[in-house]
Structures are given as structure tokens and as C-alpha cells.
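First up is the structure itself, then whatever we jot down about it.
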């Protein structure tokens, strides 16, 4: 079977598509959930985030509709809609339609606070677009959708690899990273550090140098290593440690969690299948407990 | 089969096009690529907007603070207030909370205003003037920018929330304290004081 035949006739990743979609939706529930106590601060009319400026393109007006005060005023409706759609998405209602609505709603909400968004959030809503196109129904025989779905998953993977590529290779063009001083600088700035880390790196400067080079090495090699079966899971495991550590040490938790969420795109079908099976076992065990209590 | 082949090639071209646009958008600007950059910008912004550099090419090298104070009706001034440190402390207690983002907004008010001010200082049409005059012109212009107005607005609301009364105006400032490398002798500290915004203006 040629590559073209495989990509156009076989859905190569039904389980991965199913799992990735759910993990992303769960992350979005967490993401918007924790913004709720401060929702007015981020989305409300009194928000101090500067509105974007229109350039005459009507599509941009829709995406950036929070620039219009009367729409911004209605932000609670958008949040309710987002949560409603995410729950529908989690339960698998019309995956593509709901997926598209989630993409639109998330984009509009995010554009309302684009000034303070980070690379993680940006890759998340770039990937949300491709997520719409993923096919998760096992009995789907429509080759049109199968092909699009296979390409969409590939696009998400390239998107993740592209982020590491940009972050890694751009660092190679800077003086501070190459000198090994980057981690020292970051550790001395309150917003990206902790008191203990600040002190540790001040006393043991070499740790900062080693960590700076590890970051560069990891980011530069990821876009290549991730396509090799033998290296993929090792790099992902390092990534888990890397992102969780910078989440706690440097405060970039959003970014780390989003990257870890998108790692699910690289899961093999068999591994995704095992995760799904594990989830369904938990579900059936839960059901048994509930029915036992009922008896 | 033919239909599948066509679809495969069309999607391949679309994929290559999409990521080429991203590549151009991330690694070039209008001065280097002109129209090609504009095409990529129009294709990607806002729906696919991104900046994946993540602390590159250089990491942040300074502690930044946005501060503000009140000017009272008797022309006296309050002390400087800073909200960022308290928010950061709160954010560090729970790394999963959204307080960090709240801090980012506050800090961004000062950062953006300073960015506009630096651009105004570099305005080619005023470069023939003396340094003091250039700064005076920049300060006259910055008061018309939404970023400055937004920062002053934030300051006013928070000063009132702190119970300050008889306020005639507010003043905002942005401080940059460069991190020193071990054994380095110089310490760069930059404080940018912006013009007072009077409430009756």
C-alpha cells in the first residue's frame, strides 16, 4: 500500500484523535474555569487590555468582536457558551460542528485578551482549528474526511514541532543564550523565579549555565527527534519534566500544560487505545460503585 | 483512486502553504520581505496569530515595575504605589491560578506605555532637535495614545480604591532594573516618568 493510499483510505489515528480532542477540551475547561473569579478583569468592559485596531477586514471584525463595547459587555454569555460547548464536545456531540464552535468561541474570548497571551495559548488556538477536522468515528468510510483528518493531525504535530524549532533556533541567534547566562537572568527576575531558585543560581552559577544549554539542546532537537519512533517517547518524557519544572520554577504553567496537552497528538494508536480503555474501565468501575450504592 | 490522489496533493500544497506563511511571518518583517510579509500577515492575523520565540533571541534581563501616584488638589503628591509585587506573591502561592495573568496585565500597562514612548523618541522628524526638546515633544504626544490613557485610568481607579480623595491628577511611571551578572560592576536602572494626567482634561 502506498503512502497516498494509506493516508487517503485509512483513518490512521481514530483513538489518538478521540483522546487529543478530549484532553484539549478538559484543558480548556480548566483554563477558562480558573479565569472565572477574575473574568471581569480579563473580558469585561473595565478590562485594561487595550483593544486591537481594525484594518477594514470584516473577518477580523468577527474574530475581534470584543473590540465592540456592547459585545464585550456580553462576555458572560460567551463564557457560558464556551463551557456548554466544551461539555458537549467532551461527550462527543457532533464533533466537527461543536469543534468549530469551540474554536470560534475560544478565539473570540482569547482575542479579547490577546495582549497578554503567551506562545502556549497561541499554539493552542492554532491547533484548535485543526482539531475541528479530526475524524474520530471508527465506521467512517468517507475517504474525503479520512484524508482531511490525517492531514489535520499531521498539521497539529508540525505546529508543535514548529514551536520548538522557532524557540530553539532563535535562541541560537542571541548572545545571552549562547553564553549560558540566560537561565541566570531569568532566575533573578521575580516574575519568572522563586526565592530559592534565585538564591541557588546566585550561589551555584554553573547550574544556570548547564540549564541554559539543556533548554537549547532540547528545543533544537525536539522537532527532529519527535518523528523517530525510538526517540519520540524519550523526548516527550524529558518534555514532561522540562515543562513541569519551568511551570513550578519559572511560573510558566500555562505554557507547560498546553505543550503537554498537545503531546497527545504524537501518541501511537495502540497507546491512545490503552489510555481510552483505562478510562472506560474507570468509568465502568464508577458505574458499578454507583449501582451498588443504589442497591 | 484518482480523486483521492488529487485530494492528497491539494492538501499537501495547502499544508506547505500554511507553514510557509508561518515561517515568513515568524522570521521576517516588512522591511526584509515587503509584500510577501504582508501576505503572510493578512493570512495569519488574527485567526492564526502567534509568536513562538519564547524568551528568544534574548531572555528578559530586567525587573520591570509599573508604578503610579496621585497629585492632590493642593499640589501635593502621594507616595508611589505598585501592585505587581503583591500580585506576584499571590501568584507564586498557587502556580495554577490566573493571578499571574492579572499581574501580566498590570505590568503590560507600563510596558506598553514605555514602548510607545521609546518609539516617539526615535521619531525621525524630531531627531535634529536637542535631547531635552525631543523628550518634551514625545511627552506632548504620548498623552494622546490609548496605552497611556489606559495606564492612567488604571492608576486613578486603584488610587480611589485605596481611599485617596481630593485627587487632581495621576502620574504613572515605568521602572526597569537590569539584572547584574556576577562580578559585573555596572547596574542599569531606568525610570521613565510619564506626564501627569489631570482629571479635568
Which pairs have Cβ atoms under 6 Å, sit 6 or more apart or on different chains, and link a residue in segment B:48-67 that is touching a residue at least 12 places away in the same chain (Cβ under 8 Å) and within 7 Å of another protein chain (Cβ to nearest Cβ) to one that is assigned to a loop (DSSP other than H, G, I, E, B) and crowded, with 17+ Cβ neighbours inside 10 Å?
-> B:61/B:179; B:63/A:189
Is there a residue in segment B:24-45 that is in a helix (DSSP H, G or I), within 8 Å of chain A (Cβ to nearest Cβ) and either touching a residue at least 24 places away in the same chain (Cβ under 8 Å) or within 30 Å of residue B:159 (Cα to Cα) (or both)?
-> yes
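Within segment A:1-26, work out how many residues are within 13 Å of chain B (Cβ to nearest Cβ) and surrounded by fewer than 19 Cβ atoms within 10 Å (Cβ to Cβ).
So the count comes out to 8.
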If we scan segment A:45-58, do we find a residue that is part of a helix (DSSP H, G or I) and over 25 Å from the mean Cα position of the chain (by Cα)?
-> yes
So, in segment A:132-152, of the ones that are assigned to a helix (DSSP H, G or I) and more than 20 Å from residue A:90 (Cβ to Cβ), which residue ends up modelled with the lowest pLDDT?
-> A:143
In segment A:153-180, the residues that are at pLDDT 95 or above and more than 9 Å from chain B (Cβ to nearest Cβ) = A:153, A:156, A:157, A:160, A:161
Please state which of the following conditions residue B:9 fails to meet, knowing it meets all the rest: (1) assigned to a helix (DSSP H, G or I); (2) within 9 Å of chain A (Cβ to nearest Cβ); (3) surrounded by 12 or more Cβ atoms within 10 Å (Cβ to Cβ).
-> (3)
Please go through segment A:115-147 and pick out each residue that is surrounded by fewer than 20 Cβ atoms within 10 Å (Cβ to Cβ) and in contact (Cβ under 8 Å) with a residue 40 or more places away in the chain.
-> A:115, A:116, A:118, A:137, A:138, A:140, A:143
Could you look through segment B:84-143, keep only residues that are more than 7 Å from every other protein chain (Cβ to nearest Cβ) and assigned to a loop (DSSP other than H, G, I, E, B), and pick out the one that is nearest to residue B:62 (Cα to Cα)?
-> B:122
Name the residue, out of A:98, A:80, that is crowded, with 20+ Cβ neighbours inside 10 Å and in a helix (DSSP H, G or I).
-> A:98
Does segment A:103-112 include one or more residues that are without any contact (Cβ under 8 Å) to a residue 12 or more places away in the chain, facing chain B (nearest Cβ under 7 Å) and not in a loop (DSSP other than H, G, I, E, B)?
-> no
Being exposed (fewer than 15 other Cβ atoms within 10 Å of the Cβ) and either within 9 Å of chain B (Cβ to nearest Cβ) or farther than 24 Å from residue B:105 by Cβ (or both), is that true of even one residue in segment A:62-76?
-> yes
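Conditions tested, residue by residue: (1) in contact with a helix residue (DSSP H, G or I) (Cβ under 8 Å, 6 or more places away or on another chain); (2) buried (at least 19 other Cβ atoms within 10 Å of the Cβ); (3) more than 14 Å from chain B (Cβ to nearest Cβ); (4) more than 30 Å from residue A:11 (Cα to Cα).
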residue: A:200; (1), (2), (3), (4): yes, no, no, yes
residue: A:239; (1), (2), (3), (4): yes, yes, no, no
residue: A:243; (1), (2), (3), (4): yes, yes, no, yes
residue: A:253; (1), (2), (3), (4): yes, yes, no, yes
residue: A:262; (1), (2), (3), (4): yes, yes, no, no
residue: A:267; (1), (2), (3), (4): yes, yes, yes, no
residue: A:271; (1), (2), (3), (4): no, no, yes, no
residue: A:276; (1), (2), (3), (4): yes, no, yes, no
residue: A:291; (1), (2), (3), (4): no, no, yes, yes
Go through segment B:144-160 and count every residue that is away from every other protein chain (no Cβ under 11 Å) and closer than 17 Å to residue B:114 by Cβ.
-> 1
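The values are calculated or read from the model by the stated rules, or taken from the named source; none is laboratory data. All values derive from a computational prediction rather than experimental measurement. When we count neighbours, we look across all protein chains shown, and the Cβ atoms used for this are built from the backbone with ideal geometry, even at glycine.
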